[in-house]
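The values are calculated or read from the model by the stated rules, or taken from the named source; none is laboratory data. Note that the structure is predicted; figures quoted are calculated from it, not measured. Using ideal geometry, Cβ is built from the backbone for each residue, glycine included, and neighbour counts are taken over all protein chains shown. The accessibility values were calculated without ligands, DNA or RNA, using every heavy atom of the protein model including side chains. Shrake-Rupley method; radii C 1.70, N 1.55, O 1.52, S 1.80 Å.
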Amino acid sequence: MMNDNLENLQYFPIRDYKYATYFEEVQYNGKTLTADERKKYVAVIDETISDYSDGLPLIKDILDSIKELPGEYQEVERTVASVMLFVLITMIDSMVASKYFILADKDYDRRYMRGKLMVILNEGFKQLYGFEKKKKKKSRWDQLSPLIQYFPEVIKQQYADLGDLLERHSKSSSWWRDERDVETHLDAEELYASRQEEIIESKVMMDSSKLFNTLLAVDRFLTNMHACLMNCLREKIRREELIITG
């Protein structure tokens, strides 16, 4: 019976994602959504939020289950799961802010939601990768760096390739730093001036997609890292180096 179970062990594929496609710049066209298009767009956002939020308790369960366990494997898994949790929450938060920006039907509400969305865009990328060299050392991406030595060459190469893309992305714009500062520091005159800037709906949504797509690329990479960890466990079980009971 044990041999049958070993034969049926499934290994997770390590996918060859084309990460560069997630970083392509999309130009806005000034289009304003119709009422029907707005309804469909919100439905897509709701579905996306639902899909990704389903993963949050699963990641939390992983973190809880290995919280007190010692060992290199557990430390690697703990870090990967922690970064995954950050990425998912930030993706979901950006979608929620985008949704309520689209749904806002009062001028002040739309300007307020645009401002709060810009905070997520700036802070999200800053925490993910960072802008200044010294801050990058404290980023979520940098937390993965010491772990890469334990992974196969394909993961090492993907980490390097994705790191190059993130580095270029960090220098591609100011990532709404000024908007983030006035929204969080609440300087009334600067905040008023910032919110008076013309709202171009499609541009705001393209700005939002810049962070979401970046996070999506990192999420794909983390999925590959997690697949390697699961495959490692399955290999230990197959070799009977790890016995599952219960």
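The orientation-averaged shadow of the Cα convex hull for the chain, equal to a quarter of the hull surface, comes to 16.5 nm².
Among L222, L216, L233, L186, the sequence by solvent-accessible area, most first, with a 1.4 Å probe is L186, L233, L216, L222. The trypsin sites (Lys or Arg not before Pro) of the range 66-103 meeting both criteria, a DSSP state outside H, G, I, E and B (loop) and at most 13 other C-beta atoms within 10 angstrom of the site's C-beta, are K67.
For K134, a cut-off of 21 angstrom between C-alpha atoms picks up these lysines, skipping any fewer than 8 places away in its own chain: K126, K171.
When Y11, Y41, Y17, Y108 are compared by accessible area at a 1.4 angstrom probe, the order from most to least is Y108, Y11, Y41, Y17. Heavy-atom accessible surface of S65, to the nearest 10 Å², is about 80 Å², with a 1.4 Å probe and all protein chains retained. Heavy-atom surface analysis with a 1.4 Å probe gives the chain a carbon and sulfur content of 52 percent of its accessible area.
Axis angle, to the nearest 10 degrees, between helix 55-65 and the longest C-alpha principal axis of the chain: 50 degrees. Quotient of the Cα radius of gyration of the range 116-219 and 2.2 N^0.38 Å, N being its number of residues: 1.25. Net charge within 13 Å of A81 by Cβ-Cβ distance, Lys/Arg positive one each and Asp/Glu negative one each, not counting A81 itself? The answer is -1.
I'd like the orientation of helix 35-53 relative to the chain: the angle between its Cα long axis and the longest Cα principal axis, in ° from 0 to 90, rounded to 10. The two axes meet at around 30 degrees. Dipole check for the range 20-84: with +1 at the C-beta of Lys and Arg, -1 at the C-beta of Asp and Glu, and the Cα centre as origin, the magnitude is about 340 Debye.
Per residue, the Cα convex hull of the range 15-56 amounts to 112 Å³. Highest mean first, the peptides 140-153, 82-95 sorted by other C-beta atoms within 10 Å per residue fall in the order 82-95, 140-153. Dividing the mean sequence gap of close Cα pairs (under 8 Å, 6+ apart) by how many residues the range 7-159 holds gives a relative contact order of 18 percent.
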